[in-house]
1. If you plug each phi of segment A:63-69 into the Karplus form 6.51 cos²θ - 1.76 cosθ + 1.60 with θ = phi - 60°, what whole-Hz ³J(HN,Hα) values come out, in order, with x for Gly and Pro?
2. With the calculation restricted to Cα positions, what are the radius of gyration and Dmax of segment B:450-537 in angstrom?
3. What list of ³J(HN,Hα) couplings, whole Hz, do you get for segment A:357-371 from phi and the Karplus terms 6.51, -1.76, 1.60, once you set θ to phi - 60° and write x for glycine and proline?
4. Using the 10 angstrom Cβ neighbour count as an exposure proxy, how do B:Arg430, A:Arg210, B:Arg273, B:Arg501 rank, fewest first?
5. Using just the alpha carbons, could you tell me how many Å³ per residue the convex hull of chain A encloses?
6. What ranking of A:Glu279, A:Glu311 emerges when the number of other C-beta atoms within 10 Å of each C-beta is taken as an exposure proxy, fewest first?
7. Report the per residue volume, in Å³, of the convex hull enclosing the C-alpha atoms of segment A:1-131.
8. Loop-only check: which GluC sites (Glu not before Pro) in segment A:56-104 are DSSP coil with at most 10 other Cβ within 10 angstrom?
Amino acid sequence: MALNGPRLKYACDLDKSVLINNFEKRGWIPVSAEEDWNFYWATVQSVRNVFSLDVGYRLTDDQVISHFPSHYELTRKDLMVKNIKRYRRELEREGNPIAEKDEGGHYIHLDFIPVTFMLPADYNLFVEEFRKNPSSTWIMKPCGKARGIGIFLINRLSQLKKWSRDSKTNSFTAPSSKDTYVIARYIDNPLLIGGKKFDLRLYVLVTSFRPLKCYMYQLGFCRFCTVKYNASVTELDNMFVHLTNVSIQKHGDDYNAVHGGKWTIQNLRVFLESTRGKEVADKLFDEINWLTVHSLKAVSGVVSNDRHCFEAYGYDIIIDDNLKPWLIEVNASPSLTSTTSSDRIMKYKLISDIINLIMPYGKTPDVKWNKIPSKEHYGNFDLLYDEELAQSDLLNLPDTKARSGTGTTAFRGKDGKRPAATWK
Amino acid sequence: MGMLECGSSQRRVANGFGIDVLKYGEDVVSDFKMPIKISEHDRFGETSALAGISTGGRTDLHIAMRGMMTGVRYRDEILDVYVRPYAGAIGPQFILKDDNARPHHARVVEDISSTRPSSMWTGQHAHPISTRPSTLGTCYRSSHKMATAGGFDEDTINRLVNTIVKEVQDSMLNFELQKAAQEEVRRSNVRVFGIKDAVIEGLRASGWEMTLRNEVYKKLQTQSPEPHPLASPEQTKEPVSYIRKAQMNWEKRILKSVNSMCTELSVPLAKKRPEKEQKDMALKWTELGTDEPDLSKFRPVYAPKDFLEIVASLKNPNLVESLESAGFSTRWGIVQATLKTKDLHDLGAQEFAKKGCPITYRVDLWKHILCVHVDDIDTLYYAQLKANVLLHDMLVDNLIYKDVKLTATNDDQYFVFEDYLYQVLLPFSRDTVVLNHFSQSSATPAKSYIRGKLGVEAFAVTYPPNGVIPFHGFAMYVAPLCFIYNDPVTLYFMFREFYTRYFFHLHTLSSHPQGIVSLSLLFETLLQTQEPQLFFHLKTVGIQPLKIAFKWLIRAFSGYLASEQVLLLWDRILAYNTLEILPVLALAIFAFRKTNLMQVASSTAAEAVLSDLTTLKVIPLIQLSLFTQ
Ligand SMILES: Nc1ncnc2c1ncn2[C@@H]1O[C@H](COP(=O)(O)OP(=O)(O)O)[C@@H](O)[C@H]1O
Ligand SMILES: [Mg+2]
């Protein structure tokens, strides 16, 4: 169907076959970023330029672009944590039951990121927390880096001397994001399969932040470490044990290029449903959807919601051995490099499905459109949440109060001809 | 003189064997090194179990039976050591402990507990005080029914019942049943005359009846009817003589290949591991995949392709050539053997297409169907097998490693389970209980003799101890089970049961309806009758569909379908207790891709059309093929 659409013009910053092949298959015409494109798969830098005030560039109604200019509110490690913390406080202040806490002061429904501090800024807070449980392990991550670069694990305060000094001397000049770190409680009890640690890479498409409209891709995958997991101190600096990034693992001796250590979510589901039961597996995947929606809600107020933008995020999630999912980070530009042939097929489909959701029927994009595609255009995406639909659902219901109640019910949608407002 | 029994002269090169050595990108062994003399046998002397010593260009095997875990030793040593004291401690004391026991009460208890199942099994008449059908009587009848369904005559049934009774008597279950019966007596406050019924009722209520039934069912599954009095042992194993001969020749070729591998690589069939190596291996038990032995020189003994050639070369010598050439033969496929196969109608189409079991129940349902209930004794038994792995390094271990590395390790569905596969397959090769299945099989385990005693039965041991020499893809029989059984011990027993009930059929030549020959034939026949147009097209362009489907069949589709779909397929193998669903699915796949297949003009093109099956859904496919005719 897409093939019958108009010959759109596209610009693309990345030389990735999974992108280019999709554009060419649709018969689109390549143009440079300076020309009049309809569809621009851009890097975050280009997007920043396009939207910078100095350029004074104005996008027309038939142009869409692949990032939100202030995506970093979600995708920079420190800002994501800040926004989620703020979101929880706000809900709590409102008296929203979602922000309910247990006796220990932990959020019951919103405890989905490991305890995290900024360094050097929060050094003292961190020390306080560390001393409560001095045998725990923490993970240090530079805020502005990706692909596992600059990450290390610590289990003694002395390993943080440099940051303690910084926190004292540099209190006037804010350190650049290059020198700032987040330090997070290390999830030292990850769910292991075949004795190995893994994390999930899930793709989440956002077509609008206000109202929030987001989709979860079904074809995400698990990324396995090549080495058996071992929580012992002697292995703390063996990154093949602890970091699941493919960019790290592929340098390991045991890296297998045929499958690249990637296991489909579908396989994970079969395994969990069989070994733990369907209910347990369903609950896990529901919780993953839940945390995804709330991470997006946490930033929906601060991201500038430009109608020309859409964005496909790469969510990193770790499941612990109690089958609780933890949000580790969100990537604005998940890797589109294909490590294996099935990886290539999956990523090609991902791009294709994104385009179909952004521009159903291969039509020229129109930013005035309400961005409610019909279900047939979902491809391998599932609707996670559509705030607009959820609200009209609420209006259509006699008992609105009950619907805005607690927990997941706030997101529960209806099955109908129209897309449901949520995955539920 | 030789290691494994096989012909006389040992040729160094295993070619002419149909094995494509280059297929796996392995180097062909070019520089043949003279084997090094290993003189370990003196050191272990009597305690060694399997010790291969290579000398002067050939590898002789020295095997002492002592350390081997035989079925008998399992019973004598493991069961006795751990079970008897336990049983002794509980047995008689149990009655004494019963505070309410009056003398006559106690006597009844003794009476019942000494009522061996045998007297119950022989029928209700043997029961002095049975006034209504007893639990065991019901079991007897149901076993009778099952046996009759199997088409046995009265005599055979009686013999069968006797054997099963004997086996049940010898089993742990008998002991447990007695215990449970005593428990019932202790609990019930009934008077002497009603006590038998009460006990039976109690056993039924507490689920023991079901357990017993299952045990009988299981025994029936693995019990072959007593042979015809005039039949020779080998006729009993395989009645069709040309198939029997073919299987024997095939076994000879396999052994030859294993022997030449020993010689070429100067690796003994088995040798004791040095102490340090044993310890290292024990430490690494759950991650054996990371430090595998050097496998570069090993190659699979055979691949499905080689086996297909053998299946294809089977020919009924009684078939008159002239009839065939006169066009009377409708055999167009590869399989030339003439065996009776079923048509779709016989296969009970609706039955096959029934809905599968919900994924969550599969774990228990499969265990139930295969009667696998891992208890302490099983755990102990597994531990013993593991100990045997640690003790001796066997040539087949290399074959197992090699196979896992070539298949599961590179498979994007199964790689995460690599280490589980070693934990199943290495102990499996030491498991002498597996030998029992050969009574159902046309295959015969390879024998190995102590040096100088070739052919003297008293000095023979089977090699490997379980009698099964793995081939390329063998690990894939285990792999799908890893999705549902997380615990290596349960996984082990599930696999063993799957193998000894079903999978051995897939790589053995036999006339059995579950055998690979019949399955291949069934596939070819189904395709011809159900998809004549497609069949005609493929025949015209010279494509043999079985060449494509055979690899699916021999692996029960493991590694070809998506994991979930393999499990759905195996659900049905278990539910209907037959492998015949495999050719039905193979047919369905051909039918489903028919449009594309109708356009191909070469085998390569046909293979390309059928190369990726991971998107297929088994259930709708089977339904499609069964209902749209
Ligand atoms: N809190 C944590 N607990 C356990 N593992 C973690 C944690 N944080 C990160 N990791 C591991 O480190 C990897 C890299 O961390 P991530 O935050 O994704 O940084 P990057 O941007 O470098 O990918 C993750 O994929 C995960 O395997
Ligand atoms: Mg990451």
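None of the figures in this text is laboratory data; all of them are computed from the coordinates on show. Since the structure is predicted, the reported quantities are computational estimates derived from the model, not experimental observations. No Cβ is skipped: glycine too gets one built from the backbone with ideal geometry, and neighbour counts run over all protein chains shown.
1. 10, 10, 9, 8, 9, 8, x
2. Expressed in Å, the Cα Rg and Dmax of segment B:450-537 come to 19.1, 61.
3. Whole-Hz 3J(HN,Hα) from phi for segment A:357-371: 7, 6, 10, x, 6, x, 6, 4, x, 9, 6, 7, 5, 6, 6.
4. Values: B:Arg430 25, A:Arg210 12, B:Arg273 15, B:Arg501 21.
In increasing order of surrounding Cβ atoms, one gets A:Arg210, B:Arg273, B:Arg501, B:Arg430.
5. Details: hull volume 68.7 nm³, N = 424.
Here the figure is 162 Å³ per residue.
6. Working: A:Glu279 10, A:Glu311 23.
Ordered from fewest to most neighbouring Cβ atoms within 10 Å, A:Glu279, A:Glu311 come out as A:Glu279, A:Glu311.
7. Working: hull volume 27.2 nm³, N = 131.
Per-residue hull volume (Cα only) is 208 Å³.
8. On the way: sites: A:Glu73, A:Glu90, A:Glu92, A:Glu94, A:Glu100, A:Glu103; in loops: A:Glu100, A:Glu103.
In loop regions of segment A:56-104 (DSSP not H, G, I, E or B), the sparsely surrounded GluC sites (Glu not before Pro) are A:Glu103.
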